[in-house]
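The values are calculated or read from the model by the stated rules, or taken from the named source; none is laboratory data. Not measured: the values here are computed from a predicted model. No Cβ is skipped: glycine too gets one built from the backbone with ideal geometry, and neighbour counts run over all protein chains shown.
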Amino acid sequence: MLLWVVLSVLTAGVVGLLLRGYRSADADAAGAARADVAVYADQLQQIDSDLGRGLLSAVEAESARAEVGRRLLNRAAAADGPVVSGGPGTGSEQLVGAAAVIIPVLALALYVALGSPGLPNLPHEGRTRDEAARNQVDAMVARVEERLRAAPEDGNGWDVIAPIYLRMERYGQAAEAFANANRLLGETPKRLAGFAQAEILANNGIVNANAKLAAERLLSAEPGRVDARMWLALANEQDGQFDKALSDYRGLLNAPQMSPAMKEAIEVRISAVERLARGDVVPAPGPRLGPGMAPPGGAAEVPASPADQQAMIEGMVARLAARLQGDGKDPAGWVQLMRSYMVLGRMSDAAKVLADARQALSGDAGALEQVNKAATEMGVDGAAKDVSKK
């Protein structure tokens, strides 16, 4: 807001200087005309002198007087103009003077009414850095998409762009890309997990037939895989098979990879399914509350309002982060915190969690391998490299 006030004052000052120059120019022109009048009057006297000395004939003297007289009359009119320094201006001067005041005031009033004078400014460095990063990602995605349009059977291209789509929250395109990569390059646990997660998110937390099949194949490839077991438990819950869902959820409570925070999240689902089995009305978990993407921390209820759900998630994530700062020897907790930040779109926070986890687990090779593997699968490594460059 202060900048706009300063600019308005500067505008008024510039217009005022231009008006002053305009009036000075008029005054200078009148002064020059008076000097010309004096010259022409002297020339008339000189003609008379030349005639008396016989240097000019009567006809030549008369012709010269006529020409000098004509010029004298023209300049005399200019010399007698109304411009007086310091006096009231002419109509055009008054118009310019009014414009010098009205234009800046009007611009300031319009900005206050239509602009955002209270909006804090983003530092130029941060603005250009964020814009450059977005432009770089967008340009890279555009290049890969162009190549895939020309060569739709390029499995490597689909494999590269699928996790990027997922991080950009373009879930439908991510699911399609993972499916193509699985078809062209063969199924891997990483691609199956990516497809299942993208498919569930694209369908607002519903584990449809495609996601369920991917989870089953993932579980077959890696028995005991926690995220696959959670997705299948959620599928049973959504299909109304509450006994199977309860059995699956309770079985997960004893999984060795489960962190205390994840166990608390599962206990929330167990409580909800038990109420559903009794016929109670319970809000279904949203896409961010689905197993495999469940937030860490504890909660007694799953709120019905999306805003309340988001607030609950943020609180759970904060509690898990605080616990890990006090006791960082829980690799599953670090993995869950990274996953939560990635789901929330806070990639820089996920990258910082990875750095903190590596420091906290520096003496445990097995725990470090678990964290690094999960970070690679989730794409946190790339975000960490971007943060380190900054």
Can you name every residue in region 338-351 that is more than 18 Å from the chain's Cα centre (by Cα) and modelled with pLDDT of 85 or more? 350, 351
Do we have any residue at all in region 299-309 that's modelled with pLDDT of 85 or more and outside any helix (DSSP H, G or I)? no
Of the conditions (1) on the phi > 0 side of the Ramachandran plot; (2) buried (at least 16 other Cβ atoms within 10 Å of the Cβ), residue 345 fails just one. Which one is it? (2)
Of residues in region 263-290 being modelled with pLDDT of 70 or more and in a loop (DSSP other than H, G, I, E, B), the one surrounded by the fewest Cβ atoms within 10 Å (Cβ to Cβ): 279
Scan of region 167-213 for residues that are closer than 17 Å to residue 225 by Cα and more than 33 Å from the chain's Cα centre (by Cα), ordered by number: 187, 188, 189, 212, 213
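Can you report the number of residues in region 354-381 which are closer than 20 Å to residue 194 by Cβ and part of a helix (DSSP H, G or I)? Give the derivation first.
Going residue by residue through region 354-381, those that are closer than 20 Å to residue 194 by Cβ are 354, 370-381.
Still in the running and part of a helix (DSSP H, G or I): 354, 370-378, 380-381.
Counting residues in region 354-381 that are closer than 20 Å to residue 194 by Cβ and part of a helix (DSSP H, G or I) gives 12.
Suppose the filter is charged (D, E, K, R) and farther than 22 Å from residue 223 by Cα; does residue 237 pass it? It would help to see each step written out before you state the result.
On the way: charged (D, E, K, R): yes; farther than 22 Å from residue 223 by Cα: no.
Against the criterion (charged (D, E, K, R) and farther than 22 Å from residue 223 by Cα), residue 237 does not qualify.
Rundown of residues vs (1) in a helix (DSSP H, G or I); (2) in contact (Cβ under 8 Å) with a residue 40 or more places away in the chain; (3) among the hydroxyl-bearing types (Ser, Thr, Tyr), yes/no style:
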{"position": "152", "(1), (2), (3)": "no, no, no"}
{"position": "159", "(1), (2), (3)": "yes, no, no"}
{"position": "165", "(1), (2), (3)": "yes, no, yes"}
{"position": "182", "(1), (2), (3)": "yes, no, no"}
{"position": "187", "(1), (2), (3)": "no, no, no"}
{"position": "191", "(1), (2), (3)": "yes, no, no"}
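Can you pull out every residue in region 168-180 that is aliphatic (A, V, I, L, M), assigned to a helix (DSSP H, G or I) and either surrounded by fewer than 23 Cβ atoms within 10 Å (Cβ to Cβ) or touching a residue at least 24 places away in the same chain (Cβ under 8 Å) (or both)?
The initial filter retains those residues of region 168-180 that are aliphatic (A, V, I, L, M), namely 168, 174-175, 177, 179.
Next, only the ones that are assigned to a helix (DSSP H, G or I) stay: 174-175, 177, 179.
Matches in region 168-180: 174, 175, 179.
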Would you please name the residue that is farthest from residue 376 (Cα to Cα), looking only at residues in region 197-210 that are of a type in the set (A, V, I, L, M, F, W, C) and in contact (Cβ under 8 Å) with a residue 40 or more places away in the chain? 207
